[in-house]
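S.K.: So that we are looking at the same thing, I have put the structure below in structure tokens.
Every number in this text was worked out from the coordinates using simple rules, so none of it is lab data. Quantities reported herein were computed from a predicted structural model and do not represent experimental measurements. Backbone-built Cβ (ideal geometry, glycine too); neighbour counts: all protein chains shown.
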Amino acid sequence: MKKYLAIPFLYFPLVFASLAQSRADLNVNLIPKELITNANAVVRSQEFITEVADIDNVIYKRKTAITILNSNGAEYAPMIVHYDKSIAVKNLSGNLYDKSGTLVYKIPESKFRDYSNIQGFSLFEDNRVKYFNPAYSTYPFTIEFEYEVKYKNSFYFLDWIPQRNGDLSVEKSIYTFICDEDYPVRIKEYNFSGEKKESKDKGSNVYKWEISNLKSFKEQRYLPQDEKFLPIVKIAPVKFEYEGIKGSFSTWEEYGKWTYENLLKGRESLPMTTIIKINGLVRDLKTPKEKAKKIYEYVQSKTRYVSIQKGIGGIQPMTAEEVDRLSYGDCKALSFYTQSLLKAVGIESHYTELFAGPIRDISPDFPSFQGNHAILCVPFEKDTVWLECTSQTNPFGYLGSFTDNRKVILCTKQGGIVATTRSYSPLESSQIRKAFFLLDAEGNLEGNVTTQFQGIQYDNRDRIVSLSGRDRTEEILKLYPINNLDIKKYEISQDKQGIPVMTEELNFYSSNYGAKSSNRIFLYINPVNQFHNFLKDLGARKNPIFIPRGYLDEDLLEYTLPENYKIEHLPKDVNLKNEFGEFSCKTTLEGDKLIYQRKMLLNEGTFPPESYQKLREYYLKIALADQQKLVLIKN
């Protein structure tokens with residue numbers, strides 16, 4: 001589940017209320033005790049109203065009062081309202097109350113900071129933000145905000161998610177959706193057990209959802225997608241208007257066709273010089289896949305990613321000609337540009353929308369605008385390749401954890417198609433390491449370590465490739481927290497063919513790695529891959545365990561031991577196996593060589609909540625096995 005981060009504190013001069021006004025209903029003592037347990041903040045009341053006044057006029061009204069219980073809940077105090085040229089903000093105001101419900105100060109709209117929502121890598125972004133964060137830290141306190149925004153578009157409606165995070169409890173939340181009785185909508189409820197009402201009022205349909213007393217829950221690891229356990233209501237239009245373009249859809253096929261016809265079609269034209277250049281680039285290549293790879297690498301070398309919110313409401317890509325001329329674009333633009341280049345050499349591909357980040361599927365049974373990212377799907381006769389066109393370093397066909405293994409929508413000429421992006425099995429996502437260590441009589445350790453990262457574990461070292469100098473050294477020290485580590489040599493190389501492999505070569509020296517005491521040396525047998533994924537004991541779990549990706553780690557460590565020392569204590573062999581995977585480690589002596597072998601296979605999948613304790617104990621046993629020590633004694 002995604003946590004929503006607050007922008008850093010900004011301080012504003014405020015006029016404190018000269019006459020104390022009270023809101024007795026906001027007194028902290030009135031919050032039911034069960035809503036305070038494990039909570040950092042409590043939503044006292046929420047009123048969300050969505051009114052479709054016309055096909056090009058949608059009004060959202062929001063009023064929220066939230067009690068911030070402690071400093072850990074401070075992230076819920078800011079008010080952030082996004083807007084742009086098609087979204088108008090009205091009636092923005094707020095109040096801050098102390099723990100008794102007494103008004104501390106009022107917050108008029110003039111106290112909200114208004115600034116451009118431009119990130120460091122953005123251009124042409126007309127998105128803006130009205131923002132306020134109270135300079136108040138006498139906990140608990142209650143912050144209340146109210147505002148109205150008017151959208152000129154009805155292409156999508158904002159979801160109602162009354163409880164977004166586990167440390168947030170909800171006393172009461174109400175969502176009202178109003179539309180003309182002749183305006184059809186589609187409604188999807190997830191995990192909703194509250195009260196729903198439908199009525200008619202002066203020619204309008206009124207849908208109302210109310211939920212109360214949602215307790216906070218412990219933020220456990222491996223939570224499933226939000227739609228699997230949080231109460232959510234989604235509403236999608238059948239007929240809509242978006243930036244003057246009218247349309248309708250009730251199936252993914254219709255959605256994809258509308259996107260193709262209105263956002264993509266006719267924008268793929270390229271200069272003749274570029275078409276000639278691209279065809280010349282692939283002239284001597286035999287297969288469509290080889291040609292696609294060459295074009296993808298051309299795009300990587302020519303363009304760079306820049307976040308651009310322009311075009312039709314920010315959802316239409318720049319034209320291919322613009323990207324070709326400017327050599328930059330956002331995810332939409334670069335994906336569409338690559339598609340246009342492929343089309344110029346006769347290769348079909350499909351513009352693809354998805355939700356990127358933590359794994360979150362496009363809902364197959366609820367067609368609506370759900371994406372936040374665009375990639376490209378290239379189908380071949382015996383294979384389908386997915387291209388992340390914003391990356392200048394990704395291997396051809398490689399999707400990392402940002403976009404892998406999730407349902408997406410392909411926007412084709414024939415219509416939308418739901419598909420699933422590339423995933424890597426645990427055996428494909430491997431980390432294979434071989435190391436040779438020389439231990440001397442003073443406990444100093446010299447090592448040569450070679451590690452290959454494959455599949456999704458290719459990401460493990462992706463960041464370090466672009467680093468150099470001190471930045472790279474600092475990152476290596478984080479990856480290998482071996483005491484007194486002195487890096488003698490570090491090299492990293494990439495094999496981008498097939499399932500990509502990154503190979504790391506590390507040569508190091510660690511003084512006093514082994515603790516020497518009298519005539520003994522004590523050292524951890526496994527200095528390079530210790531498991532630290534501890535799970536907290538949080539009591540009974542209600543939600544399924546979702547392990548999104550599995551992997552395989554194999555380590556073979558060979559020690560040359562110092563002369564005149566023998567083994568006094570050898571780490572125990574460990575063998576574990578259950579539904580979550582397998583773990584084994586063993587230590588053997590072969591002549592003057594000590595061989596340590598370790599294997600860990602983690603399975604991906606969804607597991608029942610009652611098996612959480614078993615997983616926790618499994619992880620603990622692995623961590624303990626990795627902490628075992630070797631003891632040498634002098635002859």
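S.K.: Would you mind getting me the FRET efficiency between Lys246 and Arg325? Use the beta-carbon distance for r and R0 = 35 Å, nearest 0.05.
M.R.: With a Förster radius of 35 Å, E is 0.65.
S.K.: Cα convex hull of the chain: how many Å³ per residue?
M.R.: 196
S.K.: Turning to a different aspect of this structure: Using the Cβ atoms and a cut-off under 9 Å, what net charge is assigned to the surroundings of Lys599, where Lys and Arg are +1 and Asp and Glu are -1?
M.R.: That sum, taken over residues with Cβ under 9 Å, equals -3.
S.K.: Return Tyr458, Tyr115 ranked ascending by Cβ neighbour count within 10 Å, so the fewest neighbours appear first.
M.R.: Final ranking by Cβ density, sparse to dense: Tyr115, Tyr458.
S.K.: Go through Lys85/Lys196; Lys150/Lys542; Lys291/Lys413 and tell me which ones have a Cα-Cα distance over 30 Å in this structure.
M.R.: Lys85/Lys196; Lys150/Lys542, as the Cα separations exceed 30 Å there.
S.K.: In the range 22-133, how does Rg compare with the Kirkwood Rh, expressed as the Rg/Rh ratio over alpha carbon atoms?
M.R.: That ratio equals 1.03.
S.K.: A follow-up question, please. Could you go through the range 77-87 in sequence order and give the Karplus-derived ³J(HN,Hα) for each residue, using 6.51 cos²θ - 1.76 cosθ + 1.60 with θ = phi - 60°, rounded to whole Hz, and x for Gly and Pro?
M.R.: Each residue of the range 77-87 in turn: 6, x, 10, 10, 10, 8, 7, 8, 5, 9, 10 Hz.
S.K.: Which GluC sites (Glu not before Pro) in the range 530-574 sit in a loop by DSSP (not H, G, I, E or B) and have at most 12 other Cβ atoms within 10 Å of their own Cβ?
M.R.: Answer by residue number: Glu563.
S.K.: Once you have the alpha carbon radius of gyration of the range 249-420, what is it after dividing by 2.2 N^0.38 Å, with N set to its residue count?
M.R.: 0.97
S.K.: What would the Debye equation give as log₁₀ I(q)/I(0) for the range 430-634 at q = 0.09 Å⁻¹, counting only Cα atoms as equal point scatterers?
M.R.: Log10 of I(q)/I(0), two decimals: -0.40.
S.K.: Can you check what the Kirkwood hydrodynamic radius comes to for the range 220-339, Cα pairs only, in Å to one decimal?
M.R.: 17.3
S.K.: So which chymotrypsin sites (Phe, Trp or Tyr not before Pro) in the range 509-560 are both in a DSSP loop and have at most 16 other Cβ atoms within 10 Å of their Cβ?
M.R.: Answer by residue number: Phe534.
S.K.: Taking only DSSP H segments of four or more residues, each worth -39500 (n - 2.57), what value at 222 nm results for the chain once the sum is divided by all its residues, to the nearest 500 deg cm²/dmol?
M.R.: -4000 deg cm²/dmol
S.K.: Can you check what the net charge comes to around Cys331, using other residues whose Cβ is under 11 Å from the Cβ of Cys331 (Lys, Arg +1; Asp, Glu -1)?
M.R.: Charge balance near Cys331 sits at -2.
S.K.: Taking 25 °C and 0.890 mPa s as the conditions, I'd like the Stokes-Einstein D for the range 24-242 in µm²/s, using the Kirkwood hydrodynamic radius from alpha carbon pairs.
M.R.: Rounded, D is 131 µm²/s.
S.K.: Which entries in the list Lys234/Lys382; Lys593/Lys621; Lys63/Lys200 go over 29 Å, if you measure between the two C-alpha atoms of each?
M.R.: Lys234/Lys382
S.K.: Let me ask you something else. Residues of the range 484-503 with amide nitrogen under 19 Å from the 7 Å Cα-to-Cβ point of Thr473?
M.R.: 484-492
S.K.: Averaging over all projection directions, find the projected area of the Cα convex hull of the range 413-499 and quote it in nm² with one decimal place.
M.R.: 9.1
S.K.: Considering only the other residues whose Cβ falls under 12 Å of the Cβ of Gln628, what net charge follows from Lys and Arg at +1 and Asp and Glu at -1?
M.R.: Net of charged neighbours comes to +3.
S.K.: Let me ask you something else. Using a cut-off of 13 Å between alpha-carbon atoms, which aspartates and glutamates can reach Lys614, once sequence neighbours fewer than 8 places away in the same chain are excluded?
M.R.: Cross-link targets: Asp537, Glu579.
S.K.: Next up: Can you compute the radius of gyration and Dmax for the range 489-572, using only the Cα atoms, both in Å?
M.R.: When restricted to the Cα atoms of the range 489-572, Rg and Dmax are 19.7, 57 Å.
S.K.: Right, something else. Return the aspartates and glutamates within reach of Lys577: Cα separation strictly under 14 angstrom, same-chain partners fewer than 8 residues apart disregarded; answer none if there are no such residues.
M.R.: Once the sequence-local aspartates and glutamates are set aside, what remains near Lys577 is Glu617.
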